[in-house]
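Read the structure below first, then the notes.
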Amino acid sequence: MPAPSGSEIGGLAKSAMQSASLRGENAPDLATALGDTCGQAFMLFVNMAMVSPGIPAAAPPPPGSGSTVGPGMMLPPPAGGPGASQIEPIAKGLLASNKINGEQRDALAKAIAQTVEQALILFTTMVQVAPGMAIAGFTTTAPGSLMGAAPAKPLLQPIALGFLQAGGIRGENAPDLAGAMAETLSNALTQMMTRLKVSPGIPSSPGATAGPGRLL
């Protein structure tokens with residue numbers, strides 16, 4: 001199942017902004033832009049994500065059958081997902097198309113991109129591939145699941161606020177905006193974790209996987 005779509009995340013962003021008392025006339029447009037930016041970034045992440053080799057396995061020969069018996073790790077961005085430099089032009093374009101054209105638009109786009117990148121990095125360090133992928137003929141033969149927990153709002157909010165302030169966005173609503181960004185990302189990443197699987201077909205030796213894996 002794919003990662004959450006931009007429209008799904010946009011709905012999460014609208015709820016987060018309302019709970020943060022961000023109800024200005026541009027709030028719905030900003031929520032839409034944030035949702036679509038995250039949706040495109042998550043799609044890039046799924047396409048780029050890489051499960052590292054070396055997942056512990058028990059597949060003795062012959063015939064090289066068994067299962068993985070330990071957790072697996074994912075490579076963090078930018079090797080295993082989009083970096084801020086890839087996300088920023090997406091955010092800038094979506095802010096503009098949603099009529100967010102103030103003098104701080106570019107700074108906001110940069111802060112969004114940096115926050116999404118850091119959220120994805122945290123996701124790859126906090127979420128692991130669960131043990132138990134079936135192996136036959138020294139190859140995984142069934143999809144694997146993810147385990148762990150996506151980064152929570154309290155972890156992401158100071159990150160978002162730091163990037164907003166670094167870009168000169170320091171108004172009284174900056175902490176509320178950071179909170180809404182953090183809540184949106186946390187909820188969307190939690191949804192993504194429950195939907196994604198590890199694609200079968202990872203080569204394995206008797207004691208560990210011997211090649212990278214991909215997500216689906």
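The values are calculated or read from the model by the stated rules, or taken from the named source; none is laboratory data. Note that the structure is predicted; figures quoted are calculated from it, not measured. Don't worry about glycine lacking a Cβ; one is built from the backbone with ideal geometry, like all the others, and counts go over all protein chains shown. All accessible areas refer to the heavy atoms of the entire protein, side chains included, with ligands and DNA or RNA removed. Shrake-Rupley method; radii C 1.70, N 1.55, O 1.52, S 1.80 Å.
Between the Cα long axis of helix 27-48 and the first principal axis of the chain there is an angle of about 20°, rounded to the nearest 10.
Taking Cα atoms only, the orientation of helix 153-166 departs from the longest principal axis of the chain by about 50 degrees. Exposed loop GluC sites (Glu not before Pro) only (DSSP loop, at most 10 other Cβ atoms within 10 Å): please give the longest stretch of the chain free of them, not including the sites. Between the exposed loop sites, the longest stretch runs 26-102. Solvent exposure of region 67-123 amounts to 41 Å² per residue of accessible area, where only protein heavy atoms count and the probe is 1.4 Å.
For region 50-62, 3J(HN,Hα) computed residue by residue from phi via the Karplus equation (6.51, -1.76, 1.60; θ = phi - 60°) reads 9, 8, 5, x, x, 5, x, 9, 10, 9, x, x, x Hz, glycine and proline entered as x.
Say the cut-off is 25 Å between C-alpha atoms; which of Lys110/Lys153; Lys99/Lys153; Lys110/Lys197 go over it? Exceeds cut-off: Lys99/Lys153; Lys110/Lys197.
Solvent-accessible area assigned to carbon and sulfur over the chain amounts to 58 percent, based on a 1.4 Å probe.
Against the longest alpha carbon principal axis of the chain, how many degrees, from 0 to 90 and to the nearest 10, is the axis of helix 105-126 turned? Here the helix axis deviates by roughly 30 degrees. Spin-label pair Met147-Arg23: with each label point 7 Å from Cα along the Cα-Cβ axis, the two points sit 4.5 nm from one another.
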